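Below is one structure, written out as structure tokens; the observations come after it.
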Amino acid sequence: MTPRPADVQEFLDTALAAFAARVADPRAAASLARIGAALQRPGTVSAEPGARLPVCDLLEGVADPERFEAPDLRRVVRAFAVIEPRLVWRRRGGDRPNASGNFLDGHANALITGPGGLERRADVWLGVSLMAPHVRYPDHTHPPEETYLVLSEGEFRHGASGWFSPGPGGTLYNEPGIGHAMRSGAEPLLAFWALWAGSGAIRG
């Protein structure tokens, strides 16, 4: 088994610690435990060069470690800054029900682990979403359960809930198949998400 690069390992360690320390939903805690166990086995690290979209210029502000008082969040964003140049940022494709008109150019997603991510694997999809101010992400669903760690102000909804704001350092859990969405306000929105896609081959 090829060891995982130290910078990727550092990000995963700090991110999973922050997720686990902040979740309140027992379903999220159980999902994160499965994810942590699976990540003990490294996947294949991509040699593909990183690629940014124009909206990623907002990372300089929203992912500045000095914005965060909590030590665990500072550690996460510092570790993220090291690997971010190697990430491939993409726009969401397909249907976009209820998305704002500025959605296409106002958002970007990147996978750190998962199919097509920095670490290629099928079981754990750990990624990041960035949105410019006043952007609404479309309603969507997916089979894997999902836990969010939110790093900025912004609002979320899932199922029959209204819009709610977890706040920086807040978390939320989306059960499998539930409809959900997010939207930014006057500031950019940055959030990490961890999906447990199940056991099986680790290469995506």
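Evaluated with a Cβ-only charge set (Lys, Arg +1; Asp, Glu -1), region 132-187 carries a dipole of roughly 140 debye about its Cα centre, given to the nearest 20. Report summary: the helix-based calculation at 222 nm, which adds -39500 (n - 2.57) for every DSSP H run with n ≥ 4 and divides by the residues of the chain, gives -7000 deg cm²/dmol.
For the chain, excluding the exposed loop sites themselves (trypsin sites (Lys or Arg not before Pro), DSSP loop, at most 15 other Cβ atoms within 10 Å), the longest remaining stretch covers 92-202. Only beta bridges with both residues in the chain are counted; by DSSP, about 95 percent of them are antiparallel.
Using a Gaussian network model of the chain in which every pair of alpha carbons under 10 angstrom is joined by a spring, one finds that among S100, S31, S184 the greatest mean-square fluctuation is at S100. For the residues F164, F11, F103, a GNM of the chain with alpha-carbon springs under 10 Å puts the largest fluctuation on F164. Sequence-distant contacts, meaning Cα pairs under 8 Å at least 6 residues apart, place the relative contact order of region 6-196 at 23 percent.
In the elastic network of the chain, a GNM with C-alpha springs shorter than 10 Å, the most mobile of G159, G179, G114 is G159.
Remark: spin-label model distance S165-R41 equals 4.3 nm, labels positioned 7 Å along the Cα→Cβ axis. The residues neighbouring N109, those whose beta-carbon lies less than 11 Å from its own, together hold a net charge of +3 under the Lys/Arg +1, Asp/Glu -1 convention.
For region 6-196, the pair-distance distribution built from all alpha carbon pairs, in bins 5 Å wide starting at 0, is 1, 8, 17, 22, 23, 18, 9, 2, 0 percent.
In a simple Cβ point-charge model (Lys, Arg +1; Asp, Glu -1; nothing else charged), the chain has a dipole of about 480 debye relative to its Cα centre. Rounded to the nearest 0.05, what FRET efficiency do A81 and N102 give with R0 = 30 Å and r taken as the Cβ-Cβ distance? Could you check? Efficiency for this residue pair is about 0.70. Please report the relative contact order for region 1-103, taking Cα pairs under 8 Å with a sequence separation of at least 6, and give it as a percent rounded to a whole number. Computed over region 1-103, the figure is 38 percent. May I ask for the net charge around G154, where only other residues with Cβ less than 10 Å from the Cβ of G154 are counted and Lys, Arg are +1 while Asp, Glu are -1? Taking every Cβ under 10 Å from that of G154, the sum is -2.
Any read-out appearing in this document is the output of simple, stated calculations on the displayed coordinates, not a laboratory observation. Just so you know, these numbers come straight off a predicted model, no measurement behind them. All Cβ positions, even for glycine, are placed from backbone atoms using ideal geometry, and neighbour counts span all protein chains on display.
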